[in-house]
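Structure first, then comments.
The values are calculated or read from the model by the stated rules, or taken from the named source; none is laboratory data. Nothing here was measured: the structure is a model prediction, and the numbers come from that model. Virtual Cβ from ideal backbone geometry, glycine too; neighbours counted across all protein chains shown. Keep in mind that these areas ignore ligands, DNA and RNA; they rest on the heavy atoms of the full protein, side chains included. Shrake-Rupley method; radii C 1.70, N 1.55, O 1.52, S 1.80 Å.
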Amino acid sequence: MYENVNYFKIYILHIVYVSFSVIRVSMAEVVHEDLVEQILLRSEVKDLIHFKSVYKSWHSLITSPRFVNRHLKLSYNKDCCNNELNNRRICLSYSESCYGYLLVGSCNGLVCIFSYLTWTILVGNPMTREVRRLNLPSFLLDRSLCLGFGYDLSKEDYTVVVGEKKGENQASFHLLSLKSNVWRVIGELKYRLISKAGILCNVALHWLVGDNENMKKLIICYVLSREEFKEIPLLPDDARYESSSHSYLGVMEECLCIFWWSLSSCVVVWRPMKKYNVKQSCELLRRNSDMNYESIQYLRRPKNRMLNDSFFHLGESLFCGTLYVDAPIFVQSLVSPHVNGRPM
């Protein structure tokens, strides 16, 4: 119904525009530009893609950074205010065509995917189908890797983080920003990599790592705006918070959590407005307790398609439970991976 109403509004604006252009009266004299913008801002991304071709003025408006940012904020607010859905998440389809690929993360509608087959990284928008290919440095080839994807608000730039194994208990981390398109080293840590994809939560990326010297596991956190690493112990003094070989990280209710299959329960290790490493900020959650349905968007890779087109076909289903707690939060947006305004 929403889609029909939306098209009806655009149709009415179109009739007004055409009618008054015949008698050489500008549309601005009849329909205020702010009204047109407000209608477009509340439209779905798939509709806006079509609306760009209606008028040059609409194309200029819809593709402007100001409009893209305002539409992104409204999309987030609409998802947050949806009482029927807990989150909108994105994941790769379980079909054979997706074997050999890793969903690294998602941020502001952009999705980052790593291909073990071609050793390349794709950053794209599944809604607009814009794609950008990033090549790993030659010195990272044939290494054991972990990856992460996020947004640095201080620089207004998207970043890809790659950690490489350099020994049994050592890893080196590299970062590429989409604006600079240059890889650089951001630090070396004496840990064993466990997590493959970093979990984005509260403007930081998180991975599970192992400390072979002390025979324990912990979480390392990379704060994007500060470009610094932090360590988060797993509170070993309380048996409820001990991790297992089946544990992994995820996000629930905007909080970082640890989930493990054997117990089918989640532990929140940090809540907003509280500090890391504070025991009082941790809470053991029961299986599927007070959980709404989540919208799961599946990225499918059709057969016989080029890699750049492969993952940008979305399916959707509803699911209630903790099965997808490690899947990235996804929002539909117009954000482009070409942050400099042109393909690279």
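Couple of notes before you dig in:
- S172 being out of contact with any Cys (no Cβ under 9 Å at 6 or more places or on another chain), of a type in the set (G, A, S) and closer than 30 Å to H50 by Cβ: no
- Of the residues contained in the stretch 71-83, none is found to be modelled with pLDDT under 90, surrounded by fewer than 16 Cβ atoms within 10 Å (Cβ to Cβ) and in a strand (DSSP E or B).
- Scan of the stretch 176-190 for residues that are open to solvent by 40 Å² or more (accessible area, probe 1.4 Å) and closer than 25 Å to S336 by Cα, ordered by number: K179, S180, N181, V182, W183, R184
Yes/no matrix, rows are residues, columns are (1) open to solvent by 30 Å² or more (accessible area, probe 1.4 Å); (2) out of contact with any strand residue (DSSP E or B) (no Cβ under 8 Å at 6 or more places or on another chain); (3) not acidic (D, E):
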{"site": "K166", "(1), (2), (3)": "yes, no, yes"}
{"site": "R192", "(1), (2), (3)": "yes, no, yes"}
{"site": "W207", "(1), (2), (3)": "no, no, yes"}
{"site": "E213", "(1), (2), (3)": "yes, yes, no"}
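- Of residues in the stretch 122-163 being free of Cβ contacts under 8 Å to residues at least 40 places away in the same chain and open to solvent by less than 10 Å² (accessible area, probe 1.4 Å), the one farthest from I186 (Cα to Cα): L140
- Residue ranges of strands (runs of 3 or more DSSP E) in the stretch 128-237 with at least 2 members out of contact with any helix residue (DSSP H, G or I) (no Cβ under 6 Å at 6 or more places or on another chain) and farther than 29 Å from K46 by Cα: 145-152, 157-167, 170-177, 183-189, 204-211, 216-223, 228-233
- Any hit, the stretch 113-121, residues being in the same structural domain as Y151 (by the TED database), open to solvent by 20 Å² or more (accessible area, probe 1.4 Å), under 25 Å from L249 (Cβ atoms) and assigned to a strand (DSSP E or B): no
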